[in-house]
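Read-outs throughout are calculated quantities, based only on the coordinates presented, and are distinct from any laboratory measurement. Every value quoted in this text rests on a predicted model; they were computed, and no experiment measured them. Neighbour counts run over all protein chains shown; Cβ positions are idealised from the backbone, glycine included.
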Amino acid sequence: MQEINPEELALKAVDLWKNQWLLLTAGTMENCNMMTVAWGSIGCMWNRPFVQIVVRPQRYTLQFIENSDSFTLCGFPGKYRDNLRHLGSVSGRNTDKLADTSLTLKPSVSVASPSYHQASLILECRKMYSQNMDPAGFITDFPKRVYPDKDYHRIYFGEILKAFTQNE
């Protein structure tokens, strides 16, 4: 992996979220949980490089991110797609879902939350802001289809402290 300045991060952001997905991990090497995320953003907020992620209230990962000051977002080569699908569809509440994949944890450089040996992109992030989505803020009606159970996401902004990409 090669470290790059987060302010020089150049990605196809929509493709990354919509088609490749990312793995959100919060906690520590000894006690963490992860989930696949496909909705979010990457940009600049308060003059800092940041990511924005969303987590539904029923997700087991929510308690880990709430109790952590950091999280990681990792992207993977396409051959790990089935691993990401599994990690996004199975809860870690009652099972070690990571053990059912070929992914292995590794310590991060600047945050307590771990990353992965197999990742081709690692973003180490410190939480900057969080808030529950307010349904009164929706301008269009499409969220009614996304939230039929009114399980609105909690939004997190994370400052990207370190960014690593796979060596070319």
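Structure notes:
- Summing +1 for each Lys or Arg and -1 for each Asp or Glu among the other residues whose beta-carbon sits under 14 angstrom from that of His86 gives +1.
- Cleavage-rule hits, chymotrypsin sites (Phe, Trp or Tyr not before Pro), the range 87-164, DSSP coil, Cβ neighbours within 10 Å at most 15: Phe138
- Residue-by-residue Karplus 3J(HN,Hα) for the range 111-128, coefficients 6.51, -1.76, 1.60, Hz, glycine and proline x: 9, 6, 5, x, 10, 9, 4, 7, 5, 9, 9, 10, 10, 9, 10, 9, 4, 10
- Exposed trypsin sites (Lys or Arg not before Pro) absent: longest stretch of the chain, with sites in DSSP loops and at most 14 other Cβ within 10 Å deemed exposed: 13-92
- Cα-based reach from Lys127 at 16 Å (exclusive), listing aspartates and glutamates while leaving out same-chain residues under 8 positions away: Glu66, Asp69, Glu159
- Residues with amide H under 5 Å from that of Met34, placed H, sequence gap 5 or more: none
- Vicinal HN-Hα couplings computed from phi for the range 82-89 (Karplus, 6.51 cos²θ - 1.76 cosθ + 1.60; Hz; Gly/Pro x): 5, 4, 5, 4, 4, 5, x, 10
- Pairwise Cα distances in the chain exceed 29 Å in 14 percent of cases.
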